[in-house]
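What follows is a short report on a single structure.
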Amino acid sequence: MSNFDNTPENGVHAANPKKYKTVEKSTTVGCLADGTPIRSKANAITEEELERKRNAIKLMHEKPRCFSNYELDVICKTIKSHRYGPLMEELLFTGMRSSEVASLKRSDVDLGKQWITVESKIRRRVLIPNVLLPTMANLCNGRKNDDLLFVHNNGSCLTHITIYRWWKSFERQCQAEAGAKLDKDNKVIPGSSLFGDSHTIHHFRGTYHMNLCSVGVGESECAVLMGHKRSGKLEKLAVWNEENFLRVAKKVNSFYDARFGSMT
């Protein structure tokens, strides 16, 4: 090895063996005639970086994807008093994406048939359960067909940043309801309440999915209701129709009425 060659020998740099210890990765670039894979070495990464990636994957699987029963009780209590409660209530009981709720118009809501038409990548109908109906009626009252149901404080369209801030404000009140303690900067001390610290606004959607499965709604029907990528194919195959919608609505309403009663 020349004096100007800094390539580590055996994956370890002489000056700092720990920092520059490397892990070689290989990728399949083709196959021989007998099927033997031909592998090519990719860029080496540090062992520390590999460990960070492993920990990130492990943490991703350990984090909750939905709210616990206790947290749902706290959420329902907070919805009644928080300024942005109606938006959180709609996310909880419809499983819609926050971006879909932000673009929701009065014309998309059919209070008589109790469904919302979502114009997203995959056009679908979303159930309005009985427990959510009073809130939806209030949101629609006095609005024209082209009016958005949720807007910024200054009347403009909601952005991802605005929705995130609304969620963090709502989450903080939930933690306060659950007995959270504050530090000297008036911030919630992690782990000081029974309301989890690692939740995101997307966990409303995860909770909705869990509730659908718990009442016996099949995966194919869940996919259509939630607008998963494969739901478009299911609709083309006539797996989903109004009769199926009403059957699922009956199951969901029975569960929500027993679990949450009236939110008003």
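Details
- Meets criteria (closer than 16 Å to residue 167 by Cβ, surrounded by fewer than 20 Cβ atoms within 10 Å (Cβ to Cβ) and modelled with pLDDT of 95 or more) for residue 64: no
- Tabulated pairs, the stretch 143-160, first part of a loop (DSSP other than H, G, I, E, B), second among the small types (Gly, Ala, Ser), C-beta under 8 angstrom, 6+ apart or interchain: 145/107; 146/107; 150/102; 157/102; 157/103; 158/102; 159/102
- Of everything listed in (1) surrounded by fewer than 12 Cβ atoms within 10 Å (Cβ to Cβ); (2) closer than 27 Å to residue 69 by Cα; (3) of a type in the set (Ser, Thr, Tyr), the single unmet condition for residue 156 is (2).
- Residue in the stretch 128-142 that is surrounded by fewer than 18 Cβ atoms within 10 Å (Cβ to Cβ) and either acidic (Asp, Glu) or assigned to a loop (DSSP other than H, G, I, E, B) (or both) present: yes
- Scanning the stretch 85-110 for residues that are more than 17 Å from the chain's Cα centre (by Cα) and either of a type in the set (Val, Ile, Thr) or part of a helix (DSSP H, G or I) (or both) turns up 85, 86, 106, 107, 108, 109.
- For the condition of a type in the set (Gly, Ala, Ser), touching an Asp or Glu at 6+ places or on another chain (Cβ under 8 Å) and assigned by TED's automatic domain parsing to the domain that holds residue 75, residue 216 does not qualify.
- Every listed requirement among (1) touching a Pro at 6+ places or on another chain (Cβ under 6 Å); (2) more than 28 Å from residue 68 (Cα to Cα); (3) of a type outside the set (Asp, Glu) is met by residue 120 save one, (1).
- Scanning the stretch 210-229 for residues that are farther than 17 Å from residue 120 by Cα, hydrophobic (A, V, I, L, M, F, W, C) and touching a helix residue (DSSP H, G or I) at 6+ places or on another chain (Cβ under 9 Å) gives 212, 213, 215, 217.
- When residues of the stretch 143-153 are limited to those that are surrounded by 12 or more Cβ atoms within 10 Å (Cβ to Cβ) and not charged (D, E, K, R), the one farthest from residue 100 (Cα to Cα): 152
- Unmet criterion (only one of (1) of a type outside the set (Lys, Arg); (2) at pLDDT 90 or above; (3) part of a helix (DSSP H, G or I)) for residue 179: (3)
- Restricting the stretch 163-202 to residues that are among the aliphatic types (A, V, I, L, M) and touching a helix residue (DSSP H, G or I) at 6+ places or on another chain (Cβ under 7 Å), the residue that is surrounded by the fewest Cβ atoms within 10 Å (Cβ to Cβ): 194
- Count of residues meeting criterion [in contact (Cβ under 8 Å) with a residue 40 or more places away in the chain and closer than 18 Å to residue 91 by Cα] in the stretch 161-194: 7
- Check on residue 225, in contact with a Cys (Cβ under 8 Å, 6 or more places away or on another chain), crowded, with 19+ Cβ neighbours inside 10 Å and assigned by TED's automatic domain parsing to the domain that holds residue 129: no
- Unique match (being touching a strand residue (DSSP E or B) at 6+ places or on another chain (Cβ under 7 Å) and at pLDDT 95 or above) among 126, 109, 118, 74: 109
- Residue count for the stretch 89-106 under the criterion of being out of contact with any strand residue (DSSP E or B) (no Cβ under 8 Å at 6 or more places or on another chain), closer than 20 Å to residue 211 by Cα and of a type outside the set (Phe, Trp, Tyr): the result is 7.
The values are calculated or read from the model by the stated rules, or taken from the named source; none is laboratory data. Everything quoted here is computed from the prediction, not taken from an experiment. Positions of Cβ are generated from backbone atoms using ideal geometry, with glycine treated the same way; all protein chains shown enter the neighbour counts.
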